[in-house]
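Everything below concerns the one structure shown next.
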Amino acid sequence: MIDTHLHLTDPKFDPDREAVIARAHAAGVRLLVDISDESPQWEASIALAERYPQIVCSLGQHPHFANHVNPALWDRLRALARRPRVVAIGEIGLDYYRSTTTKEAQIACFRQGLAVARDLQKPVVLHCREAFPDLLEILHAEWPKTGSPGGVVHCFSGDASVAEQCLALGFFLGVDGPITYPNAHRLREIIKQVPLERLVLETDAPYLPPQRYRGQRNEPAYLSLIAEAVATLKGVPVEKILSVTTENARGLYQLSREMHRTE
Ligand SMILES: [Zn+2]
């Protein structure tokens, strides 16, 4: 299994990061994609990925931090993202749900992140909450239609028509803990309809724990609970979910097998 999205540099993992990584491995999660979404963490995230063969990383600036940007920050991202263990740019995106930054600042930040990804030919990890019309408009205008490095709409939360548009743009949809929540009927209905070939599994740890661990810190070792929920929804064996979504993750992040020799 590949956990395609988690935040290992989060301070919540400071007391036992090593043990969290070991538990993930023991649970069959053989690759972790550490998402570093705030510029002060970028170097720490790269250091982690260079230290552990089973970790790679993605660097971005989350819309919550859209005010903390300047040209030097984007130059730094461009330079750091060329390092071999950096597989993507993100989280970048828009969040109109609960944010202290203005739409204008978020859009400008998102465009800059997209430009870096486009120039370096890296896939993008998109964060979007209650901002899909603007997000899709920007992607249509600024994301390459041919030769696109692709990407994922992380923790997908849109409706069926948004899902269709994201798929048409070539994006994968990320499925996390909320798929296991009792009231997530609409989300389950949408994920049921999306072809398995376009889904990737992610924990977003330490956030969004699956139902069984709600109220606790989430961990990459819980990834199989999400796979099981998708298997139930689709009515196919969990092994099939795992093999297809793992191949999807490899395609999404352009992972070569030499990148993580952990078997
Ligand atoms: Zn995240």
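FYI, it's all coordinate maths here, none of it is from the lab. Being a predicted model, the structure only gives us computed values, none of them experimental. Cβ coordinates were reconstructed from backbone atoms using ideal geometry, including for glycine residues, and neighbour counts include every protein chain displayed.
Computed values, structure above
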{"item": "Per DSSP, loop trypsin sites (Lys or Arg not before Pro) in region 124-208 with at most 11 further Cβ within 10 Å", "result": "LYS145"}
{"item": "28 Å Cα-Cα reach of LYS234 towards lysines, excluding residues that sit fewer than 8 places from it in its own chain", "result": "LYS192"}
{"item": "Kyte-Doolittle mean at least 1.0, axial Cα span of 27 Å or more - DSSP H helices of the chain", "result": "none"}
{"item": "Value at 222 nm in deg cm²/dmol, rounded to 500, when DSSP H runs of n ≥ 4 in the chain each add -39,500 (n - 2.57)", "result": "-12000 deg cm²/dmol"}
{"item": "Amide hydrogen neighbours beyond the local backbone of LEU8, cut-off 5 Å, H modeled", "result": "ILE35"}
{"item": "Cα→Cβ-extended label distance, 7 Å offset, between ARG82 and GLU142, nm", "result": "2.2 nm"}
{"item": "Net charge over other residues, Cβ less than 13 angstrom from the Cβ of THR102 (K, R count +1; D, E count -1)", "result": "-2"}
{"item": "Measure of compaction for the chain (Cα Rg per 2.2 N^0.38 Å)", "result": "0.93"}
{"item": "Rg in Å to one decimal, and Dmax rounded to a whole Å, for region 59-182 via C-alpha atoms", "result": "14.0, 45"}
{"item": "For PHE172, distant residues with modelled amide H under 5 Å away", "result": "GLY151, VAL152, VAL153"}
{"item": "Candidates per GluC sites (Glu not before Pro) in region 123-211, loop by DSSP, up to 15 other Cβ within 10 Å", "result": "GLU130"}
{"item": "Under 13 Å from the Cα of LYS103 - aspartates and glutamates, other chains or at least 8 residues apart", "result": "ASP95, GLU130, ASP134"}
{"item": "3J(HN,Hα) from dihedral phi, region 151-158, Karplus parametrisation 6.51/-1.76/1.60, rounded to Hz, x for glycine, proline", "result": "x, 9, 8, 6, 6, 4, 9, x"}
{"item": "Amide N proximity, region 44-67 versus ASP75 label position 7 Å along Cα-to-Cβ, cut-off under 20 Å", "result": "60-61, 67"}
{"item": "LEU31 long-range amide H proximity, modeled H, under 5 Å", "result": "ASP3"}
